[in-house]
Amino acid sequence: MADELERPGETPEHEDAEAHLPSPTIWPFAFAGAVALILLGLIVNAWATVIGVALAVVFGFLWIRQVTHEVRGEPEPIEAPAPPTVEPEAEEEGPPRYERSKFLEGATIGIGAAIGAIVTLPVLGFAVAPAFVDQDYPEVDLGPLDEYPEGEWLIATFTSIPDDGKISRRTAFVRYNGMQDSVPSFSILSNRCVHLGCPTQPQGPSGETRELEGVPVVLTPTQPSGYGCPCHGGAYDVEGNRTAGPPVRALDRYEYSIVEGRLVLGSPYSVAEVEGEGADAVIVKYSPSDPGVHVDGPEQYLYPYVP
Amino acid sequence: MSNPQERAYFKRYKEDVEREGKPFFPYAMFHDTVMSLVVVCVIVALACVWYFTSGEEAGDAGILGPRYTEEADPGTTSFVPRPDWYFYFLFYLLRIFKWPESVVLGTVGIPTIALILLLVLPFVDRRRERRLVRRPVAVVGALLVIASMGILTYRGATAEESLASEAVEQVDAWVEAQGLSEEGAEGAALFAELGCLNCHTYLDSGASQLGAPDLSEIGATGQTAEEFAAYIANPAEFGNNVMPAYEDQGEEILLLVGTFLEESKGEGGGE
Amino acid sequence: MARAKSKRKQQLEHALLVPVDWLEERSGLVGGLKYFLFRKVPRDTNWFHTLGSATLTAFIVQLVTGVVLAFYYKPSPNEAYASIQYITNDLTLGWLVRGMHRWGASVFIILLFLHMGRVFLFGAYKYPRELNWLLGVLLLVLAMLEGFTGYLLPWDQTAYWATVVGINLNATAPFLGPFLSDFLRGGQEIGTDTLARFYSMHMLLIPGGLIALITLHLYLVIRLGVTSPPWSKEAAGDERKEVSTAKRGLLEPRPRGDGGVATDVRGRPEA
């Protein structure tokens with residue numbers, strides 16, 4: 001046997017070069033469907049079996065009848081006519097026509113580009129969208145006003161979104177400046193250095209840390225002469241103005257409100273420079289910017305829009 | 001784009017290799033395999049040393065550093081951030097550019113320029129010469145780059161802070177070096193905490209910013225503690241418009257710092 | 001040469017070759033592998049040329065250890081630190097896998113720089129290998145980014161603050177800087193999204209890029225060949241050549257005879 005099969009791909013030679021094969025017919029498929037129906041009916045519904053048997057008999061009969069046409073001398077059913085030959089159109093005269101191949105090339109590339117866009121753009125948008133959405137700054141309860149003696153700086157570490165847990169811990173330097181126009185005045189500075197975001201430290205002795213009741217806030221009294229950054233040598237005075245190093249503006253500040261005798265922290269904002277001190281400080285608000293971004297001076301035009 | 005000499009070189013190269021080259025396997029691949037084994041062993045050795053010399057506590061460091069530091073705390077006021085060691089050169093670059101207008105240079109300017117130089121190298125250097133003795137620009141350039149990256153990385157690694165948390169540790173050394181009294185030592189601790197080292201240098205600590213002088217021997221000028229205290233309270237009165245005023249700290253603290261400065265006369269009168 | 005093999009041995013060899021031939025006929029891969037293994041490289045390649053494959057080995061170590069670490073690491077801010085502690089302290093040999101990954105990163109970067117320096121000093125970035133150099137620079141950038149994104153994953157203090165600074169570095173770039181840093185952070189503040197983004201970049205995006213570029217890099221190395229050291233007396237491709245008196249390493253193959261063809265002093269066949 002092995003000798004007869006020489007190489008794959010070659011059909012073995014038969015003695016009978018012209019084997020007679022039956023003409024194509026659809027009845028076997030129908031018969032198979034009927035058999036399947038019989039088997040299905042055995043599991044699902046007995047009536048299906050009955051119908052299946054009937055169909056099998058009918059289709060089987062038709063199949064055998066078609067296959068045995070020759071033997072019984074009936075003419076073969078007409079086969080599908082040969083496809084008509086298509087004449088090339090190159091001989092036509094007249095205005096030049098838009099060639100089919102060019103149309104297909106363009107259509108392929110165009111559809112490909114469309115698919116690429118449909119897949120990529122929403123995905124890119126999804127990835128990039130957070131950069132354009134404004135940050136939601138929730139209000140944080142920093143405890144009762146009695147915790148903030150006048151003129152004393154306190155390092156307040158709080159969890160801004162309790163549900164997020166530790167990742168939302170932030171620190172602010174808070175000082176109660178006394179009343180101004182019968183409204184309590186606070187200076188609240190963010191501790192993030194505005195050079196590159198490192199956590200600044202108060203330059204001065206610090207006291208005992210105490211936890212507040214009922215709110216996730218921890219206070220540490222301190223007596224800073226200024227604030228310093230441990231990363232690249234930035235330094236600020238107590239109002240947050242830069243005194244040395246690479247920071248590009250003053251420390252960011254927080255808005256605040258007094259609600260039922262408690263200090264409530266609002267949204268942060270950026271500051272170019274603070275004039276004056278304490279309750280008399282004159283502060284120009286800029287929208288909250290990333291560290292390293294100038295908010296005034298000629299360099300501000302390098303950052304036309306900070307999301 | 002390529003000229004006929006370049007193409008001729010490559011043709012010669014191919015012929016030479018074909019005629020006289022050695023098969024990659026096993027001759028060259030053997031070297032590669034040995035080197036790879038060395039690399040893997042070094043990595044495993046480093047991992048072992050790192051693990052067995054450190055402890056489970058956060059921050060418990062062995063020869064190769066701790067296994068991990070404390071869990072991330074965005075509200076900390078005592079941590080000193082540092083990048084991974086292979087970024088130390090960039091880190092130190094940022095410390096060099098202290099002026100706010102120049103920040104962009106250090107953060108993106110210089111690294112971008114360096115990257116562009118790397119990318120255009122093959123287009124700038126079109127010479128075919130490969131022997132080192134005939135490539136002075138390349139050799140000098142390479143040496144300069146290696147030296148500067150090395151120095152920047154080293155300086156980045158040893159960069160110390162002038163902040164309270166780190167400076168306070170130096171006080172004992174200062175007490176010994178300058179022979180400070182008890183009040184002087186208290187003043188020294190306050191001097192460290194108040195952030196004076198941000199701009200002044202003192203013995204081996206501190207930074208030099210905005211033209212602030214070194215204070216190691218300031219006592220040798222003969223000024224008294226009270227005079228120092230008055231100066232620090234409001235430097236503008238004495239013509240210094242750069243240094244901030246410290247009168248908020250209170251007379252007591254300023255006097256202690258003044259005492260410390262008065263006693264800082266330098267080591268035995270020498271340099 | 002070979003002794004006459006027993007029929008048994010011949011049949012065994014035949015049988016072993018059957019699957020190899022099956023694969024070769026259907027894919028051509030075996031032929032490709034043979035070409036890679038037995039291609040000629042210049043006779044004078046030395047240990048300096050092993051730095052490239054050593055870098056690749058370090059990268060593979062990173063890939064393998066990284067995949068295993070990903071089985072246990074949890075990329076959420078509330079669980080990341082604890083999972084790292086668990087891997088380091090409790091899992092069997094977890095410390096070894098984490099240690100290898102962490103120190104493998106440093107070794108990878110060092111070898112990368114050494115390899116780059118070697119290529120530069122050998123002048124192997126010149127024609128026709130300029131494209132390979134460009135790919136290499138891109139690989140350098142991607143490798144540094146890979147280190148940067150990986151550094152955040154343990155979510156301890158060092159990780160968190162180094163990442164704060166790194167992202168804010170981007171913010172200082174003019175015009176697009178703030179958008180880039182917000183994109184990296186997934187918002188204006190570092191949050192849960194930041195860790196997830198960095199994890200995705202570290203595991204999928206950047207390694208994908210690295211693998212693709214390394215494949216291209218290796219393809220070019222195989223296609224264009226490896227240069228001889230520039231100080232070599234018999235560097236492949238050189239015009240003037242002395243008769244080979246260079247030392248031969250222990251394992252170098254003996255040079256073949258010229259088979260009686262007339263040759264010039266270099267050994268090339270006369271026209």
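When the residues of region C:138-161 are filtered to those that are among the aromatic types (F, W, Y) and open to solvent by 20 Å² or more (accessible area, probe 1.4 Å), the one that is nearest to C:G208 (Cα to Cα) is C:F148. Evaluating C:L37 against the criteria (1) free of Cβ contacts under 8 Å to residues at least 40 places away in the same chain; (2) facing another protein chain (nearest Cβ under 9 Å); (3) closer than 30 Å to B:Y51 by Cα; (4) assigned to a helix (DSSP H, G or I) leaves one unmet condition, (3). Scanning region A:212-271 for residues that are more than 8 Å from chain B (Cβ to nearest Cβ), of a type in the set (D, E) and open to solvent by 20 Å² or more (accessible area, probe 1.4 Å) turns up A:E213, A:D252, A:E255, A:E260.
Is it true that B:V171 is buried (at least 16 other Cβ atoms within 10 Å of the Cβ), free of Cβ contacts under 8 Å to residues at least 40 places away in the same chain, more than 12 Å from chain A (Cβ to nearest Cβ) and under 19 Å from A:Q223 (Cβ atoms)? Give the derivation first.
On the way: buried (at least 16 other Cβ atoms within 10 Å of the Cβ): yes; free of Cβ contacts under 8 Å to residues at least 40 places away in the same chain: yes; more than 12 Å from chain A (Cβ to nearest Cβ): yes; under 19 Å from A:Q223 (Cβ atoms): yes.
Considered against the rule, which asks whether it is buried (at least 16 other Cβ atoms within 10 Å of the Cβ), free of Cβ contacts under 8 Å to residues at least 40 places away in the same chain, more than 12 Å from chain A (Cβ to nearest Cβ) and under 19 Å from A:Q223 (Cβ atoms), B:V171 comes out as yes.
Would you check if there is a residue in region A:133-153 being open to solvent by less than 30 Å² (accessible area, probe 1.4 Å), within 14 Å of chain B (Cβ to nearest Cβ), under 26 Å from B:L194 (Cα atoms) and not hydroxyl-bearing (S, T, Y)? Yes, some residue in region A:133-153 is open to solvent by less than 30 Å² (accessible area, probe 1.4 Å), within 14 Å of chain B (Cβ to nearest Cβ), under 26 Å from B:L194 (Cα atoms) and not hydroxyl-bearing (S, T, Y). Screening the candidates C:S106, C:S83, C:S53 for the property of being polar (S, T, N, Q), closer than 21 Å to B:M149 by Cα and not in a loop (DSSP other than H, G, I, E, B) yields one hit, C:S106. For region B:4-13, filtered to residues that are within 7 Å of another protein chain (Cβ to nearest Cβ) and surrounded by fewer than 19 Cβ atoms within 10 Å (Cβ to Cβ), the residue that is farthest from C:Y125 (Cα to Cα) is B:R12. Residue under question is C:L63, and the condition is that it be more than 8 Å from chain B (Cβ to nearest Cβ), surrounded by fewer than 22 Cβ atoms within 10 Å (Cβ to Cβ) and on the phi > 0 side of the Ramachandran plot; does it hold? No. Residues in region A:166-212 that are touching a residue at least 40 places away in the same chain (Cβ under 8 Å), more than 22 Å from B:A167 (Cα to Cα) and hydroxyl-bearing (S, T, Y): A:S185, A:S187, A:S190. Exactly one residue among C:F175, C:F183 is part of a helix (DSSP H, G or I), among the hydrophobic types (A, V, I, L, M, F, W, C) and surrounded by fewer than 22 Cβ atoms within 10 Å (Cβ to Cβ), and that residue is C:F183.
In this structure, C:F179 does not satisfy being in contact with a Leu (Cβ under 7 Å, 6 or more places away or on another chain), more than 7 Å from chain B (Cβ to nearest Cβ) and free of Cβ contacts under 8 Å to residues at least 12 places away in the same chain. Filtering A:R100, A:R7 for residues that are at pLDDT below 90, basic (K, R) and more than 30 Å from C:E25 (Cβ to Cβ) leaves a single hit, A:R100.
Would you check which residues across region B:187-230 are assigned to a helix (DSSP H, G or I), of a type in the set (V, I, T) and either touching a helix residue (DSSP H, G or I) at 6+ places or on another chain (Cβ under 7 Å) or within 23 Å of A:C229 (Cβ to Cβ) (or both) and list them?
Taking region B:187-230 as the starting set, the residues that turn out to be assigned to a helix (DSSP H, G or I) are B:187-193, B:196-198, B:218-221, B:225-230.
Narrowing the set further to residues that are of a type in the set (V, I, T) leaves B:218, B:221.
The answer is B:I218, and nothing else.
Of C:T57, C:T92, all but one fail to be more than 8 Å from chain B (Cβ to nearest Cβ) and either at pLDDT 95 or above or surrounded by fewer than 20 Cβ atoms within 10 Å (Cβ to Cβ) (or both); the exception is C:T92.
Just one residue in the set B:R126, B:R155 is within 9 Å of chain C (Cβ to nearest Cβ) and either without any contact (Cβ under 8 Å) to a residue 60 or more places away in the chain or part of a helix (DSSP H, G or I) (or both); that residue is B:R126.
Condition first: touching a strand residue (DSSP E or B) at 6+ places or on another chain (Cβ under 7 Å), at the interface with another protein chain (Cβ under 8 Å from one of its Cβ atoms) and surrounded by fewer than 16 Cβ atoms within 10 Å (Cβ to Cβ). Can you find one or more residues in region B:21-44 that meet it? Yes, there is a match, as at least one residue in region B:21-44 is touching a strand residue (DSSP E or B) at 6+ places or on another chain (Cβ under 7 Å), at the interface with another protein chain (Cβ under 8 Å from one of its Cβ atoms) and surrounded by fewer than 16 Cβ atoms within 10 Å (Cβ to Cβ).
Restricting attention to region B:29-87, the residues that are of a type in the set (F, W, Y) and on the phi > 0 side of the Ramachandran plot add up to 0. Scoring B:A47 on the criteria (1) part of a loop (DSSP other than H, G, I, E, B); (2) closer than 30 Å to C:N46 by Cα leaves a single failure, condition (1). Confirm whether C:Y86 is of a type in the set (F, W, Y), at pLDDT 90 or above and open to solvent by less than 10 Å² (accessible area, probe 1.4 Å). In short, no. The residues of region A:225-237 that are under 28 Å from A:R262 (Cα atoms) and at pLDDT below 85 amount to a single one, A:S225. For region A:161-195, a tally of residues being facing chain B (nearest Cβ under 10 Å), closer than 26 Å to C:S76 by Cβ and in contact with a Gly (Cβ under 9 Å, 6 or more places away or on another chain) returns 7. Among the residues of region B:59-73, those that are under 26 Å from A:T159 (Cα atoms) and at the interface with chain C (Cβ under 7 Å from one of its Cβ atoms) comprise B:Y68, B:T69, B:E70, B:E71, B:A72, B:D73. Is it true that C:L131 is part of a helix (DSSP H, G or I) and under 15 Å from the mean Cα position of the chain (by Cα)? Judged against the criteria, C:L131 is not a match.
Taking region A:169-288 as the region of interest, the strands (runs of 3 or more DSSP E) fully inside it that hold 3 or more residues being more than 41 Å from the chain's Cα centre (by Cα) and over 26 Å from B:Y88 (Cα atoms) are A:169-180, A:183-190.
Restricting attention to region A:289-307, the residues being in contact with a Pro (Cβ under 8 Å, 6 or more places away or on another chain) and assigned to a helix (DSSP H, G or I) number 1. Evaluating B:R95 against the criteria (1) under 17 Å from the mean Cα position of the chain (by Cα); (2) assigned to a helix (DSSP H, G or I); (3) within 7 Å of chain C (Cβ to nearest Cβ) leaves one unmet condition, (3).
Do we have any residue at all in region B:98-118 that's more than 20 Å from C:G136 (Cα to Cα) and exposed (fewer than 13 other Cβ atoms within 10 Å of the Cβ)? Yes, some residue in region B:98-118 is more than 20 Å from C:G136 (Cα to Cα) and exposed (fewer than 13 other Cβ atoms within 10 Å of the Cβ). The selection criterion, being farther than 18 Å from B:E160 by Cα and open to solvent by 30 Å² or more (accessible area, probe 1.4 Å), does not hold for B:E193.
Quickly run through region B:241-266 and pick out the residues that are loosely packed, with under 14 Cβ neighbours inside 10 Å and within 31 Å of the chain's Cα centre (by Cα).
In the first step, residues of region B:241-266 are kept if they are loosely packed, with under 14 Cβ neighbours inside 10 Å; the result is B:241-242, B:247, B:250-252.
Across region B:241-266, the qualifying residues are B:N241, B:V242.
Determine whether region C:105-127 contains at least one residue that is more than 30 Å from C:S228 (Cβ to Cβ) and free of Cβ contacts under 8 Å to residues at least 24 places away in the same chain. Spell out the reasoning first.
Looking only at region C:105-127, we keep the residues that are more than 30 Å from C:S228 (Cβ to Cβ), and these are C:105-106.
Restricting the remaining residues to those that are free of Cβ contacts under 8 Å to residues at least 24 places away in the same chain gives C:106.
Yes, the conditions are met somewhere in region C:105-127.
The values are calculated or read from the model by the stated rules, or taken from the named source; none is laboratory data. All of these numbers come straight from a predicted model, not from anything done at the bench. Reconstructed Cβ throughout: ideal geometry from the backbone, glycine too, with neighbour counts over all protein chains shown. Keep in mind that these areas ignore ligands, DNA and RNA; they rest on the heavy atoms of the full protein, side chains included. Shrake-Rupley method; radii C 1.70, N 1.55, O 1.52, S 1.80 Å.
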